[in-house]
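Values quoted throughout were computed directly from the atomic coordinates according to the rules given, and no laboratory measurement underlies them. All figures in this text were calculated on a predicted structure; none of them were measured in a lab. Here the Cβ is made from the backbone with ideal geometry for all residues, glycine too, and neighbour counts use every protein chain on show.
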Amino acid sequence: MIHSQIIDEMVVAEKTNTYLSKHNVNSYLTNLEIHPDNKELQAILKYFNTSDVYLPLYQDIEFTSGTHIAIKLEMINQEDQKQGIHYRESLYHSHDFFEMVYVYQGSAVTDINGTVVTLQAGDLCLLNLQSVHKLIIPDEKSIIFNLLIRRELIMGNFMDLFKETDFMAFFYTNSLYANTSKSHFEIFHLKDKNVIACLYRIIEEFILKEPYYDMIMVSYMTSLLLHLTRLYQDKLDAKIKSKSAGAPNISEILRFIQENYSHRISLSDLASHFGYTERSMMRFLKQYVHHRFTDIVKEFRLNQACYFLRGSDDSIDDIARKTGFSSRSYFDKVFKSVFRQTPKDYRNRFK
């Protein structure tokens with residue numbers, strides 16, 4: 001397992017002088033019994049029992065320093081150990097910003113929308129917006145970093161990089177506005193030195209806080225997300241090949257849709273191109289992409305429309321036509337149903 005000297009030194013310092021790992025012990029469940037007089041913890045017990053009851057968190061409160069990325073360290077420090085704590089469990093919560101959970105050392109258990117997952121050292125979990133989840137620190141040896149990312153950072157900077165409208169862009173767009181994606185989280189088992197280096201540099205910049213650290217973190221986060229996009233595509237394609245020999249990979253299918261979405265492409269066209277029946281293609285998309293064909297085409301059209309609205313002087317009528325919508329009024333209707341604002345209002349936000 002690759003380690004960073006800067007991070008290792010910070011973790012040692014955090015054991016006795018908490019900064020990134022500072023927390024209110026009364027906001028967690030631990031291995032200790034709850035004292036009847038602990039009114040603060042008693043008041044929030046309902047948030048620990050089931051993901052149906054959870055506490056919403058908001059980025060305007062979490063990002064008090066004005067940075068694009070914030071980092072928290074989850075560990076059992078000496079303050080915890082003095083009280084006899086060697087296990088800590090957060091309440092169920094959701095938030096309107098993105099989160100990455102990275103296990104630097106040991107392990108962690110997370111419950112995401114009812115799915116319990118054990119993360120080991122080197123695992124990174126990318127959480128969708130509004131996913132209801134909680135985190136368990138199982139012992140004193142475990143070191144976990146939470147990377148919190150402003151939603152505007154992804155919508156602005158990163159979406160421009162994803163103008164080719166790949167599957168990861170689906171994840172972001174659905175998370176940010178529609179929140180209809182079934183992919184509430186994705187886990188990456190990091191082994192590539194380049195990917196780990198991007199992640200560690202983000203954490204190191206946040207620790208050191210030298211001049212321009214926020215912009216440098218944004219730069220490394222961009223690289224990290226692009227690396228994760230590549231890993232995701234490779235993993236999904238490998239999964240398909242292992243289950244269905246000779247099946248097209250997701251990249252090929254999405255590339256075909258991307259090249260033809262501005263025309264009146266149909267499910268029949270897609271199925272015929274890859275030698276499938278319509279029913280088989282529909283089942284294939286549902287199993288591996290978790291979207292209906294019409295929704296995928298709509299996502300491509302809307303993502304490309306967003307790119308044109310942000311970066312071109314084309315009229316909205318021309319953008320509607322270029323992205324395959326039958327009329328401006330229909331484009332406005334679909335756009336507003338997903339983004340909760342008109343194309344004109346969206347464009348004005350980025351001027």
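If you add up the charges near CYS125, with Lys and Arg at +1 and Asp and Glu at -1, over every other residue whose beta carbon is less than 12 angstrom from its beta carbon, what do you get?
So the surrounding residues net to -4.
For the cross-link pairs LYS22/LYS286; LYS22/LYS191; LYS46/LYS209; LYS141/LYS241, which exceed 32 Å when the distance is taken from alpha carbon to alpha carbon?
Where the Cα-Cα span goes over 32 Å, the pairs concerned are LYS22/LYS286; LYS46/LYS209; LYS141/LYS241.
Between SER337 and GLU9, how many nm apart are label points set 7 Å from Cα along the C-beta direction?
Placing both labels 7 Å along Cα→Cβ, they lie 5.7 nm apart.
Taking 51 Å as R0, compute the FRET efficiency from the Cβ-Cβ separation of ILE61 and ALA197 and round it to 0.05.
0.95
Need the full-extension length gain, ASP317 to SER223, defined as separation in residues times 0.36 nm minus the C-alpha distance. One decimal, nm.
30.4 nm
Is the stretch 306-351 best put as rounded, prolate or oblate by its Cα gyration tensor, with a ≥ b ≥ c the root eigenvalues, rounded for a/c under 1.5, and otherwise prolate when a/b is larger than b/c, oblate when not?
Verdict is oblate for the stretch 306-351.
Of the DSSP beta bridges with both residues in the chain, give the percent that are antiparallel, rounding to the nearest 5.
Percent antiparallel among DSSP bridges in the chain is about 90.
Just to verify a number: FRET efficiency for GLU33 and LYS209, C-beta to C-beta distance, R0 = 41 Å, to 0.05?
Between GLU33 and LYS209 the formula returns 0.55.
Which of ILE76, ILE34 has the fewest other C-beta atoms within 10 Å, and how do the rest follow up to the most?
ILE34, ILE76
Using a Gaussian network model of the chain whose springs link C-alpha atoms within less than 10 Å, name the residue from LYS134, LYS15, LYS39 with the highest mean-square fluctuation.
Of the options given, LYS39 has the highest mean-square fluctuation.
Using just the helices of the chain, give the 222 nm mean residue ellipticity in deg cm²/dmol: DSSP H runs with n ≥ 4 each add -39,500 (n - 2.57), and the total is spread over all residues, rounded to 500.
That comes out to -13500 deg cm²/dmol.
Give me the angle, in degrees from 0 to 90, between the Cα long axis of helix 5-16 and the longest principal axis of the Cα atoms of the chain, rounded to the nearest 10.
50 degrees
Nearest 10 degrees is fine. How inclined is helix 293-311 to the longest principal axis of the chain, computing both from alpha carbons?
Between the helix axis and the principal axis of the chain, the angle is about 80 degrees.
Compute the relative contact order of the stretch 5-233 as a whole-number percentage, counting only Cα pairs closer than 8 Å that sit 6 or more residues apart in sequence.
20 percent
Could you work out how far the C-alpha centroid of the stretch 300-320 sits from that of the stretch 44-110, in angstrom?
First find each Cα centre; the distance between them is then 38 Å.
If the cut-off is 20 Å between C-alpha atoms, which lysines fall inside it for LYS344, apart from same-chain ones fewer than 8 positions away?
LYS163, LYS298, LYS322, LYS333, LYS336
If you place +1 on the Cβ of every Lys and Arg and -1 on the Cβ of every Asp and Glu, how big does the dipole about the Cα centre of the chain come out, in debye to the nearest 20?
Roughly 1340 debye, rounded to the nearest 20.
Quick one: net charge of VAL101's neighbours, Cβ under 13 Å, K/R +1, D/E -1?
-3
Order by neighbour count: ILE44, ILE71, ILE296, fewest other Cβ atoms within 10 Å first, most last.
Placing the least packed residue first, the sequence is ILE44, ILE71, ILE296.
On C-alpha positions alone, give me the angle between the axis of helix 193-208 and the longest principal axis of the chain, in degrees, nearest 10.
Around 50 degrees separate the two axes.
Considering the chain as a Gaussian network with a 10 Å cut-off on Cα pairs, which listed residue, ASN26, ASN260, ASN146, attains the greatest mean-square fluctuation?
ASN26
Connecting C-alpha atoms closer than 10 Å in a GNM of the chain, tell me which of HIS273, HIS290, HIS68 has the biggest fluctuation.
HIS273
For LEU231, LEU45, LEU190, which order do you get if you count the other beta carbons within 10 Å of each Cβ and list the fewest first?
Arranged by neighbour count, lowest to highest, LEU231, LEU45, LEU190 become LEU45, LEU231, LEU190.
By the scheme Lys and Arg +1, Asp and Glu -1, what is the net charge of all other residues having a beta-carbon under 9 Å from that of GLY324?
Result for the local shell: +4.
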